[in-house]
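Reading through the structure tokens given below for one structure.
The values are calculated or read from the model by the stated rules, or taken from the named source; none is laboratory data. The model shown is predicted, which means the values in this text are computed figures rather than measured ones. Glycine gets a Cβ as well: all are built from the backbone with ideal geometry, and neighbour counts include every protein chain shown. Just the protein is used for accessible areas: all its heavy atoms, side chains included, with ligands, DNA and RNA removed. Shrake-Rupley method; radii C 1.70, N 1.55, O 1.52, S 1.80 Å.
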Amino acid sequence: MNLRIFRHIADLRAELDALRAQGKRIACVPTMGNLHEGHLQLIHLARKNADIVVATIFVNRLQFGLNEDWDQYPRTFDSDCQKLDAARCDYLFFPDETEMYPNGMEGQTRVLAPTMTDILCGASRPGHFEGVTTVVTKLFHIVEPDVAIFGLKDYQQLAIVKRMATDLCMGVEIIGAPIARDKDGLALSSRNAYITEDERPKANQLHQSLSNAKQKIEQGERDFRAIEESAKAEIEAAGFRLDYFSVCNAETLDPAVDDDKELAILGALFTSAARLIDNLTLNLK
Ligand code: PAF
């Protein structure tokens, strides 16, 4: 196996400092493990954008709500390492909680991105994005990457990280990787494992409704709130509970208005045991 695994910040820093001194460009791919094809596409994109690829696996308790599945979250270290190695990832940073939060989590200094974090996914997952921005900031300080790759599937996360990197002058380029999908359009996600056999044939409904909404907008429809309402009806008719469906300004995530040109349509629904998210973007220029 060529993949080199580091558990301690100081060791990884020493290794990466030496590479940086040789002029190598470093990419970081933060993950929580349980890797699937979507993650491996992030690694491939990282390879195209840098000389050295550093993946991180850390199931960050700080971004899980009290009623969420932190201890149930699948830990699949051995198979993750094999997949990373096969995808030609150079380094894996795999810290434990005391390495990442040596002073505990209660008093941990946090990074807040105020306007974009309490809406959409943030509305049903209070504190989630604060946990994400905090851990991603720490990972950026540890790895000091030139470029970092995040999946477009978590569109809100990507938009927040981009905004944070700009606001805090982080000097890291943030790249979004296209969504990997099953044949029927269902976006790949670790949480798809919780979709039941009965639900699976209709689990692509979110993608269907996003595509319908996109088509209506491309055909000239501008009543975004009516588009959202009909998507809600479609999703409920397929037997799922909608969390949100929103046509947004692609950068600020505010509800889209008539003269917005770059739009993102974001949705989330609940199956019996999972919460699925997906999105599509469109440019009206
Ligand atoms: O998208 C994820 O897997 C996580 O939110 C991230 C970016 C690795 C931070 O823990």
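Stokes-Einstein diffusion coefficient for segment 131-285 at 37 °C in a medium of 0.692 mPa s, Rh from the Kirkwood formula over Cα pairs: what value in µm²/s?
Here the translational diffusion coefficient equals 197 µm²/s.
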If you line up the Cα atoms of segment 114-155 on their principal axes, what length do they span on each, largest first, in Å?
31, 19, 15
For the chain, just the Cα atoms, rotate onto the principal axes and tell me the three extents in Å, largest first.
55, 42, 38
With θ set to phi - 60° and the Karplus curve 6.51 cos²θ - 1.76 cosθ + 1.60, what are the ³J(HN,Hα) couplings of segment 28-34 in order, to the nearest whole Hz, using x for Gly and Pro?
10, 10, x, 9, 10, x, 6
Long-range amide H partners of residue 278, meaning residues 5 or more apart or on another chain whose placed amide H is closer than 5 Å, are 267
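At a Förster radius of 41 Å, what calculated FRET efficiency corresponds to the Cβ-Cβ distance of residue 25 and residue 236, to the nearest 0.05?
Details: r = 48 Å, r/R0 = 1.16.
That pair, residue 25 with residue 236, gives E of 0.30.
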Result for segment 145-224: accessible area per residue, probe 1.4 angstrom, in square angstrom, of 49 Å²
For segment 124-185 and segment 222-285, write down the distance between their C-alpha centroids in whole Å.
20 Å
Once R0 is set to 51 Å, what does the formula 1/(1 + (r/R0)^6) return for the Cβ-Cβ distance between residue 11 and residue 115, expressed as a FRET efficiency to the nearest 0.05?
0.85
The chain, Gaussian network, Cα under 10 Å: of 154, 11, 90, the residue fluctuating most is 11
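What Kirkwood hydrodynamic radius, in Å, does segment 1-67 give when the mean of 1/r is taken over all pairs of distinct Cα atoms and then inverted?
Details: mean 1/r = 0.0740 Å⁻¹.
In segment 1-67 this quantity evaluates to 13.5 Å.
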Using 7 Å Cα-to-Cβ label points, what is the residue 167/residue 244 separation (nm, one decimal)?
1.6 nm
Hey, if you drop one equal point scatterer on each alpha-carbon of segment 85-139 and run the Debye formula without solvent, what base-10 log of I(q)/I(0) do you get at q = 0.13, 0.20, 0.22, 0.31 Å⁻¹?
-0.46, -0.81, -0.88, -1.22
Return the long-range amide H neighbours of residue 181 (sequence gap of 5 or more, or a different chain), with a cut-off of under 5 Å between placed amide H atoms.
188
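With all protein chains present, how much of the accessible area of segment 131-205 (probe radius 1.4 Å) comes from carbon and sulfur, to the nearest whole percent?
On the way: 1650 of 3260 Å².
Result for segment 131-205: 50 percent of the exposed heavy-atom area is carbon or sulfur.
Checking the table 202/285; 48/285; 138/162; 214/285; 48/261; 83/214 against a 23 Å threshold on Cα-Cα, which pairs fail?
Details: 202/285 33 Å; 48/285 28 Å; 138/162 15 Å; 214/285 15 Å; 48/261 29 Å; 83/214 34 Å.
As for pairs spanning more than 23 Å Cα to Cα, those are 202/285; 48/285; 48/261; 83/214.
For the chain, what is the mean residue ellipticity at 222 nm derived from helices alone (per DSSP H run of n ≥ 4: -39500 (n - 2.57); sum divided by total residues; nearest 500 deg cm²/dmol)? Could the numbers behind the result be given before it?
Details: 9 runs with 101 residues, N = 285.
Result for the chain: -11000 deg cm²/dmol, rounded to the nearest 500.
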Checking a compactness column here: for segment 13-107, what do you get for Rg(Cα) / (2.2 N^0.38 Å), N being the number of residues?
1.19
